[in-house]
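Read the figures in this text as sums done on the coordinates, not as results from a lab. Note that the structure is a prediction, hence the values are computed from the model and not measured. Methodologically, a virtual Cβ is constructed for each residue, glycine included, from the backbone with ideal geometry; neighbour enumeration extends over all protein chains shown.
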Amino acid sequence: MNQVVFENTFDGLLTSVFEIYAQKLVDVDLIPEGNDCELFFRKKVRVATDLEKSRRVQDQIIKYLGKNGLKSLWKATLTETPTIGQTIFEVIRYMLQRKTNVLADFGNPSVLTLHEALKKLSRERHRMTAFVRFQRASDGTYCAIISPDFDVLPIIADHFKSRYADQKWMIFDTKRKYGIYYDLKEVYPVELNQPSADLTPSGSCITLDESEEGFQNLWKSYFKATNIASRRNIKLHLQHVPKRYWKYLTEKAKD
Amino acid sequence: MNWDRVKEKLEILADAAKYDVSCSSSGSKRKNPDKMLGDSSGMGICHTYTEDGRCVSLLKILLTNHCIYDCLYCVSRKSNDIKRAAFTVDEVIDLTIGFYRRNYIEGLFLSSGIFKNADYTMERLVRIAKKLREEHRFNGYIHLKTIPGASNELMRQAGAYADRLSVNMELPTVSGLKLLAPEKDHKEMIKPMESIKNDIIQFRSERKLIKSTPKFAPAGQSSQLIIGATNESDLEVIQTSTSLYKNFNLKRVYYSGYVPVLAHQNLPQLGTPVPLVRENRLYQTDWLMRFYQFDASEIVNEKHPNLDLEIDPKLSWALRNREFFPVDIQTADLHAILRIPGVGVKSAKKIIAARRFGRLDMKTLKKFGIAINRAKYFMVAGKNKPLVEWESDNLRRLILQHSSSKYRGNFSNQLSLFS
């Protein structure tokens, strides 16, 4: 059994895949850095990221799975599951065996695991396009805080950029301690407490616009008024809006 | 904005609009290359869900709940003693934009009670949509309810600004309409659908020739039928919706379980539960027709005019057509796989894609999301033995024993509603 420890990036993972083939390692366990532990009787290989090696693996992936397939593999890493690297490696290995687009083979356990991860990711992405609640700051920037299950900011940026093209906005992920900021032209990653000329003091939006409270109250009133009490179905309600998301939902905030 | 005044109006006019079940914000692709406010990708987003479990996607309000009509099924009917209110054009616009910018909603669903006359009311609705689009560069979703009897010209303007137009049939049968809304005329209600359909066809064909032809109601039109206010059968409901889909190219027909709001001899008693199960079975039927290649007459017909509330309509069909089964998932075509109870459209497509790589066993199929507890009796897969020789009645009992319906508590009182 070989333990291959990779730097926790997509390029890091693909470099490891390259090394596994180059060094003809068999019976490997791919583990992201920080999740590895000391084991006796096991060979441990630490792989340093090499963009050229990663690119060569990417070329192979594109050859069989297409650009969308490559993108799917990258997306799966956003779930941050410690075993996802191993799953991706297994899919690549299976792809090189069959020399075809194996992503359609839902019967293969690794392919299925990959699809399940992507499905979870896509659900979380969709939720974040829905549950982001902007608050208007006094400088006109619309700010939101989220703490999603997965690292979805890279895959929701385009949605918000296209939709709110005429307003400045920022979405901050408190779990991963970074955010994305749109300045009417481009979307940039931002970190908290990094003063930036275009952001309100301390990098977060603190003073709210005077209309903000009014709109929040109207939204709460609307949320209550549009409910039909005689159709009450809390089970279904919770299924759609699990409690862990409530803390950032305006309509769920206590009066 | 006068926050308190608007809040009061919002409470009244959202409450009055909530019985319209349509919340869809899908089917319209609005790109946003010119940095306007908003877009839509074709897929709707539910921004939250009310405690009754319904999606909140649009700001769904009436412009006013003043109405000259007295339809028995409607809370806003003239004779009902309730608070009345009316938004100004700008109030609706401010609410829509304010909510949209905060990512609360996908857009506006505006309807109205009819004040003065149809054209007067319709003109106001159109004016709001026009102002949103032209003055506020609003590029989000707009759904306008069209007012029966409004002129074709206003209808055409509405289609130029809105993504979706709807005309609610409300009552599935002509006799039901006579009973509960004697002032309304069935033919008058159908007319605007005909006019919208023709305009959509005309604009589409012109767009094919001249790219710059403006879009007309790109998300099409929809309608709503109230279920359980009169003693209509499911067959009558499905016949009505089938004809709406066919004759007017409707995108969606919504079914709204009647919520008793008035004591009257022509209506179900106050306190009668909302027919949630029946509503659900009708939607399932609707899905079978739209996505599962079923014909309406296969599901409800003269011999079986009502849907089985205890089991879903596909299982019900399967139990009546045992000769169709078992279906072999390794060889059957999509059409046949879609007919296996418990197999959805997505899993059916997965089966077709995955079987090229080898044989699929039950464990894998379960992971595809198939409801094995129903499907296993109807398909050949892996080592599974379908119960071909079992009588349908026994099979039905067996399946019911091994499943638990979330609606179980609702059955007894609903079955005897009109008997």
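Using only the Cα atoms of chain B, construct the convex hull and provide its projected area averaged over every direction, in square nanometres to one decimal.
Average of the hull's projected areas for chain B equals 23.2 nm².
How do A:96, B:209, A:30, A:70 line up, fewest other C-beta atoms within 10 Å first?
Neighbour counts put them in this order, fewest first: B:209, A:96, A:70, A:30.
Put a dot 7 Å past each Cα toward the Cβ at residue B:208 and residue B:391; how far apart are the dots in nm?
Between residue B:391 and residue B:208, the simple spin-label model gives 5.6 nm.
Based on the alpha-carbon set only, what is the convex hull volume of segment A:2-123 divided per residue, in Å³?
Here the figure is 100 Å³ per residue.
How many nm is it between the label spots at residue B:233 and residue B:349, if each spot is 7 Å from the Cα in line with the beta carbon?
3.6
Hey, how much of the P(r) for segment B:163-317 falls beyond 20 Å, as a percent of Cα pairs?
For segment B:163-317, the share of Cα pairs beyond 20 Å comes to 55 percent.
In nanometres, what is the gap between the two model label sites at residue A:177 and residue A:234, each 7 Å from Cα along Cα-to-Cβ?
Computed distance between label sites residue A:177 and residue A:234 equals 3.8 nm.
Angle check, please: helix A:10-22 long axis (alpha carbons) against the longest principal axis of chain A (alpha carbons), in degrees 0 to 90, nearest 10.
The answer is roughly 10 degrees.
Quick one: B:232, B:389, B:194, fewest Cβ neighbours within 10 Å first, how do they rank?
Sorted ascending by nearby Cβ count, the order is B:389, B:194, B:232.
How high is the relative contact order of segment B:245-324, given as a whole-number percent (alpha carbon pairs under 8 Å, six or more residues apart)?
21
How long is the gain from residue B:68 to residue B:269 if the chain were fully straight, where each residue apart is worth 0.36 nm and the alpha carbon distance is subtracted?
Taking residue B:68 through residue B:269 to full extension adds about 69.9 nm, to one decimal.
How long, wide and thick is segment A:1-63, going by the Cα atoms along their three principal axes, in whole angstroms, largest first?
38, 23, 14
Taking segment B:36-112 as the region of interest, what is the percent of Cα-Cα pairs per 10 angstrom bin, listed from the shortest bin to the one with the maximum distance?
Going out from 0 Å in 10 Å bins, segment B:36-112 shows 17, 38, 33, 13, 1 percent.
Arrange the following residues from fewest to most other Cβ atoms within 10 Å of their Cβ: B:285, A:77, A:9, A:207.
A:207, A:9, A:77, B:285
For the pair residue B:302 and residue B:201, what calculated FRET efficiency results from E = 1/(1 + (r/R0)^6), where r is the Cβ-Cβ distance and R0 = 41 Å, to the nearest 0.05?
0.75
Skipping prolines and chain starts, which residues have an amide H placed within reach, meaning under 5 Å, of the one on residue B:78, given they are 5 or more residues away or on another chain?
Here B:69, B:70, B:71 satisfy the definition.
Please state the Cα pair-distance histogram of segment B:313-415 with 5 angstrom bins from zero: what percent is in each bin?
2, 12, 24, 24, 17, 11, 6, 3, 1, 0, 0
Expressed as a rounded percentage, what relative contact order does segment B:10-51 have, with Cα pairs under 8 Å and six or more residues apart?
32
Among B:213, B:401, B:143, whose Cα sits farthest toward the positive end of the charge dipole of chain B (+1 at Cβ of Lys/Arg, -1 at Cβ of Asp/Glu, about the Cα centre)?
The residue sitting most towards the positive pole is B:213.
Per DSSP H run of at least 4 residues, take -39500 (n - 2.57); add these up for the protein assembly as shown, divide by its residues and hand me the 222 nm value, nearest 500 deg cm²/dmol.
-13000 deg cm²/dmol
Roughly speaking, what is the centre-to-centre gap between segment A:128-182 and segment B:148-212 when only Cα atoms are used, to the nearest Å?
So the separation of the two Cα centres works out to 39 Å.
Tell me, what is the Rg over Rh of segment A:213-255, with Rh the Kirkwood radius over Cα pairs?
That ratio is 0.99, to two decimals.
Let's test the formula: R0 of 35 Å, r as the Cβ-Cβ distance of residue B:79 and residue B:4. What FRET efficiency results, to the nearest 0.05?
Efficiency for this residue pair is about 0.75.
Averaged over B:351-357, how many beta carbons belonging to a partner chain fall within 10 Å of each residue's beta carbon?
The mean count of partner-chain Cβ atoms within 10 Å per residue comes to 5.
Can you give the extra length, in nm with one decimal, that the chain gains between residue A:67 and residue A:23 once fully stretched, where that is 0.36 nm per residue apart less the Cα-Cα distance?
This chain segment gains 13.2 nm when fully extended.
Over the Cα atoms of chain A, how large are the radius of gyration and the largest Cα-Cα distance (Dmax), in Å?
22.2, 67
How fast does the protein assembly as shown diffuse by Stokes-Einstein, in µm²/s, taking the Kirkwood radius from C-alpha pairs at 25 °C and 0.890 mPa s?
88
To test your reading of the geometry: what angle, between 0 and 90 degrees and rounded to tens, separates the Cα axis of helix A:51-77 from the longest principal axis of chain A?
Roughly 50 degrees, rounded to the nearest 10.
Just from the alpha-carbon atoms, what are the Rg and Dmax of segment B:78-124 in angstroms?
Cα only, segment B:78-124: 13.4, 38 Å (Rg, Dmax).
Looking at chain B as a GNM with Cα springs under 10 Å, which of B:160, B:371, B:229 has the largest mean-square fluctuation?
Largest GNM mean-square fluctuation: B:371.
Among the listed pairs A:175/B:366; A:220/B:83; A:168/A:247; A:168/B:145; B:83/B:116; B:31/B:131, give every one whose C-alpha distance is greater than 30 Å.
Pairs exceeding the cut-off: A:175/B:366; A:168/B:145.
Compute the angle between helix A:109-131 and the longest alpha-carbon principal axis of chain A, please, reported from 0 to 90 degrees and rounded to the nearest 10.
Roughly 20 degrees between the two axes.
Percent relative contact order of chain A, based on C-alpha pairs within less than 8 angstrom and at least six residues apart?
So the answer I get is 13 percent.
If you take the Cα atoms of segment B:1-140, find Rg, then find the Kirkwood Rh from the mean of 1/r over all pairs, what is Rg/Rh?
Across segment B:1-140, the Cα-based Rg/Rh ratio is 0.97.
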